[in-house]
Amino acid sequence: MFPKVALLSFALIAVVCGQQVGTNTAETHPPLSWQTCTSSGCTTVAGHVVLDANWRWLHTTTGYTNCYTGNTWDATLCPDGATCAANCALDGADYSGTYGATTSGNALTLKFVTSSAQKNIGSRLYLMASDTEYEMFKLLNKEFTFDVDVSNLPCGLNGALYFSEMDADGGLSKYPTNKAGAKYGTGYCDSQCPRDIKFIAGEANVEGWAASPTDSNAGTGNYGACCNEMDVWEANSVSAAFTPHPCTVSGLDRCSGADCGADSRYATVCDPDGCDFNSYRMGDTSFYGKGLTVDTSKKFTVVTQFLTSDNSTSGSLSEIRRLYVQDGKVIQNSKVNIPGMDAFDSISSDFCDAQKTAFGDTDDFGDKGGLANMGKALGNGMVLVMSVWDDHAVNMLWLDSTYPTDADPSQPGIARGTCSTDSGKPTDVESTNANASVTYSNIKFGDIGTTYSTSGTGSGGSTGGGSTPSTSAPAPGATQTKYGQCGGQGYSGPTVCASGSTCTVLNAYYSQCL
């Protein structure tokens, strides 16, 4: 996903998370509709979203005194984690006025900078199943689709849509000191084991808290919040990546000190690097961007398929496939063009092994269980996260520029996008690009091949209908791997299956090599 300390970039002046519930502002979750799909069609769900607790105003339970101001805890109210949790409450949110988060039908727009009584930078929201629980997605042998508009996200910014293995109730039942729960956006965790989370497992992260030297609103404590993470989408208008990050544990694991990776990046229970597929990094520099094959100057549809070894929801995760739809045309994912690697177009164990070898990267992905452990989390159920953020650690260069900056960009895996190595500095993007934003819309989840069509409206939407689709051309003579897609309405990829497998029709939209 992103560098170990990058989550420090999320900031709101004088507001943070807590575990009691305040009464100064009523919490009203903005509505966001989405759909579940089968071969019979799609059904609309009346969902809602909730703001993460880390952004909320934290104050005394009986008044208005801040428990945390700038990047410092109040030593009297918060001498230790348990006392702080008892003394402090988080309040409801003004989603549009304070945080720049608005919904309209099936669309969620997140502004990067919002100036009101305070100046808010970025945001992180979750999809709700009810007023008190997050929607839990079990992704094995399923397909997840959404539309996105990144045209207003320049270098240095990241509109991220991903899944984290959080508790459905935000830890409300597991941790008695957490009185707020999912209704107030508690319980966040990810594969970076972030230590900037103010409350973890029902207690304030005040022990060893150190204010950030570069972010006036953030810091790190002794504890971190680790869990499995599936990055479906990390992107701006220049570069994009999708990345599984497995862990050796299930659900939230609170780490401490060195076990959070403070001394060694790979000392945690999770894989911080993941196995990423960034088209530019994988050798196709003309695939993604404004005016390119996937044209980021306008909205498009992102489709992600989580295939299993036996084509069932109980099988082992074997492959993560990606395709796009724009202007009524299915666009197959780019193919790897790296010396020593086959022309992969999806994430599989073979792809990950070959990538780590070709790039000379540490294979923490394999060490932490690879697709097998990622698949376990996908089967358990994960929470949908939607966010926009900037990077106080390395200026988002790992996504859209040359990284490491002192490495030769001609070497495999170093160039990740066309942004300058001087770009992405938070002090620059927070002023120059304050009006940046991202819009996520038309979320669909269901059986493989049922969440998208190719008769779009010219903007990348999936609208259904029976018009004859236009499609991108398949690679000449290409052969599809076992369990890969080999046919279906609007499909234009390889139709010949690898030896030992046969192209099998599953429904009108999807045939698979089995």
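The values are calculated or read from the model by the stated rules, or taken from the named source; none is laboratory data. Predicted model only: the values in this text are computed from it and were never measured. Every residue, glycine as well, gets a Cβ built from its backbone with ideal geometry; the counts of neighbours run over all protein chains shown. Keep in mind that these areas ignore ligands, DNA and RNA; they rest on the heavy atoms of the full protein, side chains included. Shrake-Rupley method; radii C 1.70, N 1.55, O 1.52, S 1.80 Å.
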Q) Can you name every residue in region 201-254 that is in a strand (DSSP E or B) and among the aromatic types (Phe, Trp, Tyr)? A) 223, 233, 242
Q.
Here is a check on your reading of the model: is residue 361 at pLDDT 95 or above and surrounded by fewer than 24 Cβ atoms within 10 Å (Cβ to Cβ)?
A. yes
Q) Just to be sure, is residue 422 in a loop (DSSP other than H, G, I, E, B) and either within 20 Å of the chain's Cα centre (by Cα) or more than 24 Å from residue 102 (Cα to Cα) (or both)? A) yes
**Q.** Residue among 170, 187 that alone is open to solvent by 10 Å² or more (accessible area, probe 1.4 Å) and touching a strand residue (DSSP E or B) at 6+ places or on another chain (Cβ under 9 Å)
**A.** 187
**Q.** Filter result (buried (at least 18 other Cβ atoms within 10 Å of the Cβ), among the small types (Gly, Ala, Ser) and more than 22 Å from the chain's Cα centre (by Cα)) within region 323-347
**A.** 328
Q: Scan region 158-184 for residues that are under 29 Å from residue 397 (Cα atoms) and not charged (D, E, K, R) and report the count.
A: 8
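To keep it simple, each residue is scored yes or no on (1) assigned by the TED database to the domain that holds residue 311; (2) crowded, with 19+ Cβ neighbours inside 10 Å; (3) basic (Lys, Arg).
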| site | (1), (2), (3) |
| --- | --- |
| 98 | yes, yes, no |
| 107 | yes, no, no |
| 124 | yes, yes, yes |
| 128 | yes, yes, no |
| 145 | yes, yes, no |
Q. Among the numbered criteria (1) of a type outside the set (A, V, I, L, M); (2) in contact with a strand residue (DSSP E or B) (Cβ under 8 Å, 6 or more places away or on another chain); (3) over 13 Å from residue 157 (Cα atoms), which single criterion is violated by residue 404?
A. (2)
Q) Of all residues in region 130-140, which are surrounded by fewer than 23 Cβ atoms within 10 Å (Cβ to Cβ) and in contact (Cβ under 8 Å) with a residue 12 or more places away in the chain? A) 131, 132, 133, 135, 136, 137, 138, 140
Q) Looking at region 148-197, which of its residues are in a loop (DSSP other than H, G, I, E, B) and of a type in the set (D, E, K, R)? A) 165, 167, 169, 174, 179, 195, 196
Q. Among the listed residues 367, 353, 363, 406, which satisfies the condition of being in contact (Cβ under 8 Å) with a residue 40 or more places away in the chain, in the same structural domain as residue 275 (by the TED database) and among the acidic types (Asp, Glu)?
A. 367
